[in-house]
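A.B. asks: Pasting a structure below so you can have a look.
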Amino acid sequence: MRRFFCDNITTTTATITSDDAHHISRVLRMKAGDALSLCDGAGNEYSAVITSVSPEAVVCALGEQHQSEAESPVKVTLFQCLPKTGKMELIVQKCTELGVFAVVPVFSTRCVVQPGKDYDKKRERYNRVALEAAKQSRRAMVPQVLPLTELKKIDVKSFDLFLVAYEDETAVTLKQALRAANAPASIALLIGPEGGLEEGEVAQLVAAGAKSVSLGKRILRTETAGMAMLAQTLYEVES
């Protein structure tokens with residue numbers, strides 16, 4: 001069944017507009033009476049039947065509502081230190097497919113890339129990438145790529161569990177930290193840039209309540225580390 005995100009949903013009807021309306025009417029050539037599935041972007045799915053079609057708006061009558069099984073009960077946010085040009089889109093795309101709740105770009109001391117004045121335009125692009133990845137992976141919500149923040153401004157205590165991937169950590173593994181946690185509802189994962197995090201940055205985060213963890217014996221690229229850490233975290237909390 002065809003499936004679309006829709007943010008114009010009432011108790012009994014939904015209206016699809018913009019590119020999706022054009023796609024339904026002109027490309028798919030769907031018509032009144034055809035069934036489809038709608039997502040409100042917040043984890044809810046609806047069965048629906050088209051009542052009217054035009055390139056500008058597709059109106060649907062809503063049927064049964066249910067919570068999507070595609071979303072994790074634990075909200076996992078990825079704090080990704082800025083990678084070299086071109087890598088952030090890949091990180092956003094793949095982490096959306098894996099089930100991330102949100103992505104926060106972070107500027108840290110060893111970031112090679114310096115954020116320019118056009119970063120907000122880049123963020124718009126990243127959010128479009130997240131939307132397309134959410135559609136492809138049949139997510140019921142679209143992760144948001146939030147505004148760029150400095151590492152020192154991160155509020156560690158706003159999460160039930162805040163984990164920092166650190167190559168010099170030898171005492172605590174990701175698995176150990178997750179299994180020692182008391183059923184966290186929100187988890188943050190922090191990945192450093194290509195040059196890694198400075199020891200002082202890690203110490204600052206740990207002092208604020210974060211936990212430093214090892215991802216294993218091999219050193220991962222920054223664009224690989226976030227995906228690996230996210231996949232392992234979601235596997236552990238969803239098991």
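A.B. asks: Looking at region 68-156, which trypsin sites (Lys or Arg not before Pro) are in a loop (DSSP not H, G, I, E or B) and have at most 16 other Cβ atoms within 10 Å? Walk me through the numbers on the way to the answer.
C.D. replies: Details: sites: Lys75, Lys84, Lys87, Lys94, Arg110, Lys117, Lys121, Lys122, Arg123, Arg125, Arg128, Lys135, Arg138, Arg139, Lys152, Lys153; in loops: Lys84, Arg110, Lys117, Arg138, Arg139.
The qualifying sites are Lys84, Arg110, Lys117, Arg138.
A.B. asks: Still on this structure, please answer the following. GluC sites (Glu not before Pro), restricted to region 7-84: which are DSSP loop and have at most 15 other Cβ atoms within 10 Å?
C.D. replies: Loop-located and lightly packed - Glu56, Glu69.
A.B. asks: What is the antiparallel percent of DSSP beta bridges lying wholly in the chain, to the nearest 5? Show your work: numbers first, answer last.
C.D. replies: Working: 20 of 47 bridges.
Expressed as a percentage, antiparallel bridges in the chain total about 45.
A.B. asks: I've got another one for you. Could you work out the helix-only [θ] at 222 nm for the chain, with each DSSP H run of four or more residues adding -39,500 (n - 2.57) and the total divided by the number of residues, to the nearest 500 deg cm²/dmol?
C.D. replies: Details: 6 runs with 68 residues, N = 239.
After summing the helix terms and dividing by the residues of the chain, the value is -8500 deg cm²/dmol.
A.B. asks: Something else now. Note the full-extension length gain between Glu124 and Leu146 as 0.36 nm times their separation in residues minus their Cα-Cα distance, in nm to one decimal.
C.D. replies: Numbers: separation 22, 0.36 × 22 = 7.92 nm, distance 0.98 nm.
Stretched out fully, the Glu124 to Leu146 stretch lengthens by 6.9 nm.
A.B. asks: Pull up the cross-link candidates among the aspartates and glutamates for Lys153, meaning alpha carbon to alpha carbon under 18 Å and not fewer than 8 places away within one chain.
C.D. replies: Glu198, Glu199, Glu201
A.B. asks: Distance in nm between label sites at Ser47 and Thr15, each 7 Å beyond Cα in the beta-carbon direction?
C.D. replies: Reported label-point gap for Ser47 and Thr15 is 2.6 nm.
A.B. asks: Does anyone have the angle between helix 87-98 and the longest principal axis of the chain? Alpha-carbon axes, 0 to 90°, nearest 10?
C.D. replies: Helix 87-98 sits roughly 70 degrees off the main axis of the chain.
A.B. asks: So, with +1 on the Cβ of K and R and -1 on the Cβ of D and E, and no other charges, what is the size of the charge dipole of the chain about its Cα centre, to the nearest 20 debye?
C.D. replies: In total the dipole reaches around 440 debye.
A.B. asks: Rounded, prolate or oblate: which fits region 139-239 when a ≥ b ≥ c are the square roots of the eigenvalues of the alpha-carbon gyration tensor, with rounded for a/c under 1.5 and prolate only if a/b beats b/c?
C.D. replies: On the way: a/c = 1.23, a/b = 1.11, b/c = 1.11.
Taking the square roots of the gyration eigenvalues as a ≥ b ≥ c, region 139-239 is rounded.
A.B. asks: Provide the gained length on full extension for the span Arg221 to Ala35, in nm with one decimal, where the gain is 0.36 nm per separating residue minus the Cα-Cα distance.
C.D. replies: Details: separation 186, 0.36 × 186 = 66.96 nm, distance 4.41 nm.
This chain segment gains 62.5 nm when fully extended.
A.B. asks: A further question follows. In debye, nearest 20: dipole of region 107-239 around its Cα centre with unit charges on the Cβ of K, R (+) and D, E (-)?
C.D. replies: Numbers: 19 positive and 17 negative charges, 99 e Å.
Taking the Cα centre of region 107-239 as origin, the dipole is about 480 debye.
Every read-out reported here was derived from the displayed coordinates using simple, explicitly stated rules and does not represent laboratory data. From a predicted model like this one, the values you see are computed outputs, not experimental measurements. All Cβ positions, even for glycine, are placed from backbone atoms using ideal geometry, and neighbour counts span all protein chains on display.
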